[in-house]
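One structure below.
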Amino acid sequence: MTTSVASAETPLSPFALTEDQRAIRETAGEFATERIAPHAEEWDRDKHFPVDVLGEAGELGMGGVYIDEQYGGSGLSRFDAALIFEELATGCPTIAAYVSIHNMVAWMIDAYGDQRQRAEWLPELCSMRRLGSYCLTEPDAGSDAAALKTRAVRDGDDYVVNGVKQFISGSGYAGVYVVMVRTGEPGAKGISTLVIDGRSEGISFGPEERKMGWNAQPTRQVVFTDVRVPARNRLGEEGIGFRIAMSGLDGGRLNIGACSLGGARTALERSTNYATERHAFGSRIGEFQALRFKLADMDTELEAARTLLWRAAAALDARDPEATRLCAMAKRLATDSGFNVANEALQIHGGYGYLSEYGLEKIVRDLRVHQILEGTNEIMRLIISRGLLESVS
């Protein structure tokens, strides 16, 4: 895949990939196999953020997957992105998930920025010469994002920003922060979106969080203390920031679901290989019916989740009114199924699965957070059920 690749014709069947899509998937898979997987356990152990490898991903067009080619993007679809992120996650879900977050930052600027803003920010984001971070969550505003308190006060041609953002991926390394701030009244209608240069005076960072997983990407607080941001860096009008934030989450949910599928797929492949190699009670364990049934169920769960994910991605590309509901369904199913499959894979390996050298415990740790971020799976259920109940009220 290069930055000039665009998606080809629509498949004849929603379950058949075009030649271009197969090539895109193959390229992402090769990159994961050659440049990510061999180092994934080391990066996790050392808490190393591989900025150089991210730059290589940018050279392949993965920093602006669905950004217009005019600004250095790849001009691909959300469906194409689902293929890419699943493949990247076979190498390391943590790195794939960060690339997804970076792409969300670029997409928000592309979707809501003006021509000047796109020209200023997107080329370096698409190439990943500058990394992006998305700043919505706060210490007291997680699922209730409309309660955020970080404030931006207009002062002449600038905004002065004060506040704290929590759980921010890439913080300290990013050159571009897309930040949801309060410019008006309490609640969703008082929120706006600013693009803040990471070199701005007054930005500082908390210590790196000690986490269960996702160790290969930094997660820190971002603290804004009297940070002056040119008003020209606001995306859209004042008061539409919450809508911008929510619109970005549909695609983010698809990507994180795809990352769960990729990580779980690796766990299943390792389990299948282990079943043919490990002997117990005089037979390969793959000969035991109970284990065969377990592998069959794991494979079925992933295939079902992938089918729904592709359905939701196609709906988002088509701007289907049902897209948000379908993205919530796909995220819930893919992240739950992905974690369950990885956990079963660890169980199949027995005591060896608990050892870091087999890589299963890392996948389990990495995938667990996918059930929380981009909206917890409880929030996904609220979105789905709201649509059901409103249809009969």
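Expressed in nm to one decimal, what extension gain is obtained for the pair Glu34 and Ser356 from 0.36 nm per residue of sequence separation less their Cα-Cα distance?
Working: separation 322, 0.36 × 322 = 115.92 nm, distance 2.04 nm.
Difference between extended and current length: 113.9 nm.
Taking each full run of DSSP H in the chain as one helix, which ones are at least 15 Å long along their axis (Cα atoms) and have mean Kyte-Doolittle hydropathy of at least 0.0?
Helices meeting the criterion: 78-91, 93-112, 289-317, 323-348, 377-390.
How far apart, in nm, are two points set 7 Å out from the Cα along the Cα-to-Cβ line at Glu303 and at Arg151?
Computed distance between label sites Glu303 and Arg151 equals 5.7 nm.
Given axes a ≥ b ≥ c from the Cα gyration tensor, I'd like to know whether segment 16-85 is rounded (a/c under 1.5), prolate (a/b larger than b/c) or oblate.
Details: a/c = 2.72, a/b = 1.59, b/c = 1.71.
Oblate is the answer for segment 16-85, as a/c is 1.5 or above yet b/c matches or exceeds a/b.
In nm, what is the difference between 0.36 nm times the number of residues separating Glu208 and His279 and their Cα-Cα distance?
Numbers: separation 71, 0.36 × 71 = 25.56 nm, distance 4.28 nm.
So the chain would gain 21.3 nm between Glu208 and His279.
State the answer as a single residue: which of Leu261, Ser271, Gln289 lies farthest towards the positive end of the charge dipole of segment 241-314, with beta carbon charges of +1 for Lys and Arg and -1 for Asp and Glu, about the Cα centre.
The listed residue farthest towards the positive side: Leu261.
Nearest 500 deg cm²/dmol is fine: what mean residue ellipticity at 222 nm does the chain get from its DSSP H runs of n ≥ 4 alone, each adding -39,500 (n - 2.57), divided by its residue count?
The per-residue figure over the chain is -16500 deg cm²/dmol.
Where is the GNM fluctuation largest for the chain (alpha-carbon springs, 10 angstrom cutoff): Phe288, Phe79, Phe167?
Phe288
Taking springs between alpha-carbon atoms closer than 10 angstrom, which of Ala37, Ala57, Ala258 fluctuates most in the Gaussian network model of the chain?
Ala37
Distances over 24 Å make up what percent of all Cα-Cα pairs in segment 147-243?
So the pairs more than 24 Å apart make up 21 percent of the total in segment 147-243.
Under the Kirkwood approximation applied to all pairs of distinct alpha-carbon atoms, what is the hydrodynamic radius of segment 289-346 in Å?
12.1
Report the paramagnetic label zone for Arg228: residues of segment 198-215 whose backbone N is under 13 Å from a point 7 Å from Cα along the Cα-to-Cβ axis.
Within reach of a label on Arg228, which here means backbone N under 13 Å from a point 7 Å along Cα→Cβ, segment 198-215 contributes 200-202.
Let me check against my output: what whole-number percent is the relative contact order of the chain, with C-alpha pairs under 8 Å and at least 6 apart?
Dividing the mean separation by the residue count of the chain yields 16 percent.
Keeping every protein chain in place, order Arg210, Arg368 by accessible area at 1.4 Å, biggest value first, i.e. largest first. Walk me through the numbers on the way to the answer.
Working: Arg210 225, Arg368 85 Å².
From most exposed to least exposed: Arg210, Arg368.
Per the Cauchy relation, a quarter of the hull surface: what is the mean projected area of the convex hull of the alpha carbons in segment 28-152, in nm²?
Average projection, Cα convex hull of segment 28-152: 8.9 nm².
Could you tell me the accessible area of Lys149 in Å² (1.4 Å probe, neighbours in place), rounded to the nearest ten?
Counting only protein heavy atoms, Lys149 exposes about 140 Å² to solvent.
Computing the accessible area with a 1.4 Å probe over protein heavy atoms, can you report the carbon and sulfur percentage for segment 48-130?
Looking at segment 48-130 in its full context, I get 46 percent from C and S.
Reported to two decimal places, what Rg/Rh ratio describes segment 60-114 when computed on Cα atoms with Rh from the Kirkwood expression?
0.98
How do Thr276, Thr90 rank by accessible surface area computed with a 1.4 Å probe, from largest to smallest?
On the way: Thr276 70, Thr90 30 Å².
Ranking Thr276, Thr90 by accessible area, largest first, yields Thr276, Thr90.
Could you calculate the FRET efficiency of Asp20 with Ser247 from 1/(1 + (r/R0)^6), where r is the beta carbon distance between them and R0 is 30 Å, rounded to 0.05?
It comes to 0.70.
The values are calculated or read from the model by the stated rules, or taken from the named source; none is laboratory data. These numbers were taken from a predicted model, which means no experiment stands behind them. With ideal geometry, Cβ positions are generated from the backbone for all residues, glycine too; neighbour counts draw on all protein chains shown. Heavy atoms of the whole protein, side chains included, go into the accessibility calculation; ligands, DNA and RNA do not. Shrake-Rupley method; radii C 1.70, N 1.55, O 1.52, S 1.80 Å.
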